[in-house]
Amino acid sequence: MSTYIVLLGPPGVGKGTQAKTLAEQTGLVHVSSGDLFRENFKNQTELGKLAKSYMDKGELVPDDVTVAMIKDRLARPDCKAGAILDGFPRTPAQAEALHKMLAGFKGDVDLVPFINADPKVLIERICGRWTCKANGHIYHEKFNPPKVAGKCDIDGSELYQREDDKVETVTNRIKVYIEQTSPLIDYYRAQNKLVEIDGTQPIEKVTGALLSVTRKVAR
Ligand code: AMP
């Protein structure tokens, strides 16, 4: 049996950072739709170029291409034991598509940790965020600074500010989250899969809470 965990939460609540730690601790693969789009853009694929035009405005990439990309990723052998999904699904239609897709792999979403915080207070968090060029490790100039400014602690690569972490885009990403993604909270709550975690706690506390809920389902 494979284990599929969907991390839910507003932009900037720390899903990416937490998903990386969870993946290390559980052995499940971290599948981030945003990272996959950025990787595609880095490689100048048609999908990457299309996605970038939406990402730069803080809009969602259309469901059909997003779903196809995730399906392809989850079908790869390293996802045999399951995955931690970060940034997908982001709309009810994507959630339905995920359910159908996982049925094809004889699985389903097992758990949905929802890292909650008021999206409006997250603007400061996102706008201070720096990402490592080589592997996407994430820092924050105030809350989680690297040891050496501008350099990743883990792999030494250069840190940059994502185009979509700039203030105008962030404001729109939050609006899109409220309108299109937040209905998933009730969707997964109705399926008894949602576990709410206070995202305003220190990073390590959020990690601890996440590990304790995921250990119950990750085999
Ligand atoms: P993230 O790294 O998860 O914050 O995603 C960055 C951007 O990629 C988003 O603002 C969207 O433009 C796009 N994106 C990521 N995941 C999805 C998704 N599941 N559906 C549509 N667009 C997405």
* State whether one or more residues within segment 1-9 are open to solvent by 40 Å² or more (accessible area, probe 1.4 Å) and either in contact (Cβ under 8 Å) with a residue 60 or more places away in the chain or not in a loop (DSSP other than H, G, I, E, B) (or both). => yes
* Asked: Which one of these does Asn40 not meet: (1) open to solvent by less than 30 Å² (accessible area, probe 1.4 Å); (2) without any contact (Cβ under 8 Å) to a residue 40 or more places away in the chain?
  -> (1)
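Is it the case, given these coordinates, that Glu141 is within 14 Å of the ligand (Cβ to nearest atom) and either over 16 Å from the mean Cα position of the chain (by Cα) or at pLDDT below 95 (or both)?
no
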* Given the structure, is Lys52 more than 14 Å from the ligand (Cβ to nearest atom) and either of a type outside the set (Phe, Trp, Tyr) or closer than 25 Å to Tyr160 by Cβ (or both)? -> no
* Could you count how many residues in segment 79-104 are over 24 Å from Gly14 (Cβ atoms) and of a type in the set (Asp, Glu)? -> 1
* Mind counting the residues in segment 1-17 that are within 13 Å of the ligand (Cβ to nearest atom) and within 16 Å of Val217 (Cβ to Cβ)? => 3
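Answer yes or no as to whether His99 is touching a strand residue (DSSP E or B) at 6+ places or on another chain (Cβ under 8 Å) and either free of Cβ contacts under 8 Å to residues at least 12 places away in the same chain or open to solvent by 60 Å² or more (accessible area, probe 1.4 Å) (or both).
yes
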* Somewhere in segment 52-75, is a residue in contact with a strand residue (DSSP E or B) (Cβ under 7 Å, 6 or more places away or on another chain) and within 28 Å of Lys205 (Cα to Cα)? -> no
* Identify the residue in segment 79-125 that is among the aliphatic types (A, V, I, L, M) and farther than 22 Å from Glu196 by Cβ and, among all such residues, is farthest from the ligand (Cβ to nearest atom). => Ala81
* To do: Filter segment 63-81 down to residues that are surrounded by fewer than 18 Cβ atoms within 10 Å (Cβ to Cβ) and touching a residue at least 40 places away in the same chain (Cβ under 8 Å), then give me how many there are.
  => 4
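Restricting to helices (runs of 4 or more DSSP H) lying wholly in segment 28-134: which have 1 or more residues that are in contact with a Leu (Cβ under 9 Å, 6 or more places away or on another chain), farther than 26 Å from Val213 by Cβ and modelled with pLDDT of 95 or more?
Once the helices (runs of 4 or more DSSP H) in segment 28-134 are filtered for at least 1 residues that are in contact with a Leu (Cβ under 9 Å, 6 or more places away or on another chain), farther than 26 Å from Val213 by Cβ and modelled with pLDDT of 95 or more, what remains is 33-42, 46-55, 63-74.
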* Taking the options Thr207, Thr214, Thr131, Thr169, name whichever one is open to solvent by less than 70 Å² (accessible area, probe 1.4 Å), over 26 Å from Val29 (Cα atoms), within 18 Å of the chain's Cα centre (by Cα) and of a type in the set (Ser, Thr, Tyr). => Thr169
* Scan segment 146-162 and report the pairs whose first residue is open to solvent by 50 Å² or more (accessible area, probe 1.4 Å) and whose second residue is of a type in the set (Lys, Arg) and part of a loop (DSSP other than H, G, I, E, B), with Cβ atoms within less than 9 Å and a gap of 6+ or a chain change. => Asp153/Lys147; Glu158/Lys133; Tyr160/Lys133
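The values are calculated or read from the model by the stated rules, or taken from the named source; none is laboratory data. Keep in mind the model is a prediction, meaning the values are calculated, not measured. Backbone-built Cβ (ideal geometry, glycine too); neighbour counts: all protein chains shown. Please note that ligands, DNA and RNA were not included when accessible areas were found on the heavy atoms of the full protein model with its side chains. Shrake-Rupley method; radii C 1.70, N 1.55, O 1.52, S 1.80 Å.
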